[in-house]
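A quick write-up on the structure given underneath.
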Amino acid sequence: MPMTTPTPTPTPAVTLKTLVRHTGLSLGTVSKALKNAPEVKPETRARVQRAAAELGYSVNLAGVKLRTGKTYTLCIVLPVEDAEQDFSDSGYMALVSGLYAALAGSYYSLVVHPQLPGESPLEGLRQLVESRRVDGLILTQTRPQDERIRYLLQQDLPFVSYGRSELAQAHAWFDTDHEDMAYQATRRLIERGHRLIAMLNPSPELMYAQHREQGYRRALAEAGLSFDTALLRSSALSAGDGRRIVLELAERAQRPTAFVCANEFTALGALSAFAELGWQAGREAVVVATDDSNISAYFVPPISTYFASLHHAGRQLGSLLLRRLGGEAAERLQILECAELIERQSDLAAVSGATR
């Protein structure tokens, strides 16, 4: 007679109840530990997660979605700029990587929703919200009376914004103190002998650009220096704009001796203009950047920057959104942090030069 192969006994599925029996903990504690809930002690979280790995437990997310009615999908809305914009790819990827790091260990996944040039800021947002494709949102590039924020508050959908607004109703946000950044950068240059300081700023409709202008004006006023509208220039966050603006300002009878750039790309463009003019950074004029990557350490010469990590910002935004999804009040989910000065040059004004 032919030999028959015995049918293997199926391995029982590892469930939450399996982990409860294995660890001796309650179902609620095990469930929260697997979600990295902060109210569970670190050693308990480690014990549960170690048991889950040893037993081969994996969450049945489809079942969780069905049971809770949630999508367990979060979305960050990112504007897609024109071809002249250098900042988008590197800057936004650092932000997204920080978000992914913050969501690690949770059930949530992240999708990126591009806002195309010329597209209504609300159009794509409405589709996401009204179709209930996401449980929460992250917004960037906020405006003082941001219609997207107002709409999400009306819809009562959990969200967090990278940047503040002037709306009366509180919402969750994380922001760098751009007013302080511009104030510190301008005051430092004044203390080093500069009297004509140009500020290359982002688009004036953005909230953080307005904060930077306020800090710039405050530093000038405290030093008794007049504000010259020609020295506050709005630009795209591009090397091309940085180069163009510096070349234009170099034509002035009283040209600037210092340029505070909106990011490292505009600073790179400024240095390109310096080379075209035959200037040496630190001799005819100085360049200071405000940015997130520290690539300016490799410029020739390396320049001083005010550093605010976008990866860190992403982690903060992700953490705030998870807390908001957990029901925490928006008033408690507002974080303002200062940028860090990384000084690579003395940035002293030349004894002779443009201001002589």
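The values are calculated or read from the model by the stated rules, or taken from the named source; none is laboratory data. Everything numeric here is computed off the predicted structure, so don't read it as measured data. Cβ atoms come from the backbone with ideal geometry, glycine included; neighbour counts cover every protein chain shown. Note: accessible area is taken over every heavy atom of the protein model, side chains too, but ligands, DNA and RNA are not part of it. Shrake-Rupley method; radii C 1.70, N 1.55, O 1.52, S 1.80 Å.
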Exercise for the section: Taking only segment 98-114 into account, find how many residues are among the polar types (S, T, N, Q) and either open to solvent by 50 Å² or more (accessible area, probe 1.4 Å) or in contact with an Asp or Glu (Cβ under 9 Å, 6 or more places away or on another chain) (or both). Expected result: 1
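State all residues of segment 127-143 that are open to solvent by 20 Å² or more (accessible area, probe 1.4 Å) and assigned to a loop (DSSP other than H, G, I, E, B); if no residue qualifies, say none. Even if it seems obvious, please write down each step before you answer.
Restricting attention to segment 127-143, the residues satisfying the condition of being open to solvent by 20 Å² or more (accessible area, probe 1.4 Å) are 127, 130-133, 135, 141, 143.
Answer for segment 127-143, where residues must be open to solvent by 20 Å² or more (accessible area, probe 1.4 Å) and assigned to a loop (DSSP other than H, G, I, E, B): Ser131, Arg132, Arg133, Asp135, Gln141, Arg143.
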Fill in the blank from the handout: Counted residues in segment 149-165 being assigned to a loop (DSSP other than H, G, I, E, B), modelled with pLDDT of 95 or more and open to solvent by 30 Å² or more (accessible area, probe 1.4 Å) come to 2
Completion exercise
Reported set for segment 117-126 where residues are surrounded by 10 or more Cβ atoms within 10 Å (Cβ to Cβ) and over 13 Å from Leu152 (Cα atoms) is Pro117, Glu119, Ser120
Fill in the blank from the handout: Of the residues in segment 116-153, those that are touching an Asp or Glu at 6+ places or on another chain (Cβ under 8 Å) and without any contact (Cβ under 8 Å) to a residue 60 or more places away in the chain come to Pro117, Pro121, Leu122, Gln145
Practice task
Scan segment 227-245 and give yes if some residue there is open to solvent by 10 Å² or more (accessible area, probe 1.4 Å), hydroxyl-bearing (Ser, Thr, Tyr), over 20 Å from the mean Cα position of the chain (by Cα) and closer than 23 Å to Gln145 by Cβ, otherwise no.
Solution key: yes
Handout entry: Phe265, sole failed condition from (1) open to solvent by less than 20 Å² (accessible area, probe 1.4 Å); (2) at pLDDT below 95; (3) part of a helix (DSSP H, G or I)
Key = (1)
Handout entry: The lone exception for Asp146 - which of (1) within 16 Å of Pro79 (Cβ to Cβ); (2) at pLDDT below 95; (3) touching a Leu at 6+ places or on another chain (Cβ under 8 Å) it fails
Key = (2)
Exercise for the section: Report, ordered by the first and then the second residue, all pairs with beta carbons closer than 8 Å, sequence separation of six or more or different chains, a first member in segment 22-50 that is β-branched (Val, Ile, Thr), and a second member that is outside any loop (DSSP other than H, G, I, E, B) and open to solvent by 90 Å² or more (accessible area, probe 1.4 Å). Expected result: Thr23/Arg47; Val40/Lys32
Problem - Subset tally (residues that are among the hydrophobic types (A, V, I, L, M, F, W, C) and either touching a Phe, Trp or Tyr at 6+ places or on another chain (Cβ under 9 Å) or open to solvent by 40 Å² or more (accessible area, probe 1.4 Å) (or both)) for segment 298-310 - result: 3
Fill in the blank from the handout: Condition set open to solvent by 10 Å² or more (accessible area, probe 1.4 Å) and either of a type outside the set (Lys, Arg) or outside any helix (DSSP H, G or I) (or both), scope segment 311-321, selection farthest from Ala182 (Cα to Cα): answer is Ser319
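Scanning for something surrounded by fewer than 21 Cβ atoms within 10 Å (Cβ to Cβ) and closer than 30 Å to Val134 by Cβ, does segment 275-294 turn up at least one residue?
yes
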Fill in the blank from the handout: Pairing a residue in segment 325-350 that is over 30 Å from Thr257 (Cα atoms) with any residue that is in a loop (DSSP other than H, G, I, E, B) and of a type in the set (A, V, I, L, M, F, W, C), where Cβ atoms lie under 6 Å and the two sit 6 or more apart in sequence or on different chains, gives Ala330/Ala170; Glu331/Ala170
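Could we say that Ala198 is assigned to a helix (DSSP H, G or I) and open to solvent by less than 10 Å² (accessible area, probe 1.4 Å) here?
Spelling it out, it is not the case that Ala198 is assigned to a helix (DSSP H, G or I) and open to solvent by less than 10 Å² (accessible area, probe 1.4 Å).
Given the criterion of a type in the set (A, V, I, L, M, F, W, C) and not in a helix (DSSP H, G or I), identify the matching residue among Ala219, Ala170.
Exactly one residue qualifies, and that residue is Ala170.
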Exercise for the section: Could you please tell me which pairs satisfy a Cβ distance under 8 Å, a separation of 6+ or placement on different chains, a first residue in segment 252-271 that is under 17 Å from Leu220 (Cβ atoms), and a second residue that is open to solvent by less than 20 Å² (accessible area, probe 1.4 Å) and aromatic (Phe, Trp, Tyr)? Expected result: Val260/Tyr216
Practice task
For residues that are over 19 Å from Glu222 (Cα atoms), surrounded by 20 or more Cβ atoms within 10 Å (Cβ to Cβ) and not charged (D, E, K, R), tally how many sit in segment 166-188.
Solution key: 5
Practice task
Collect the residues in segment 93-151 that are within 18 Å of Leu317 (Cβ to Cβ) and of a type in the set (D, E, K, R), keeping them in residue-number order.
Solution key: Asp135, Arg143, Asp146, Arg148
Handout entry: Which numbered condition Glu81 fails, given (1) charged (D, E, K, R); (2) open to solvent by less than 90 Å² (accessible area, probe 1.4 Å); (3) over 28 Å from the mean Cα position of the chain (by Cα); (4) at pLDDT 65 or above
Key = (3)
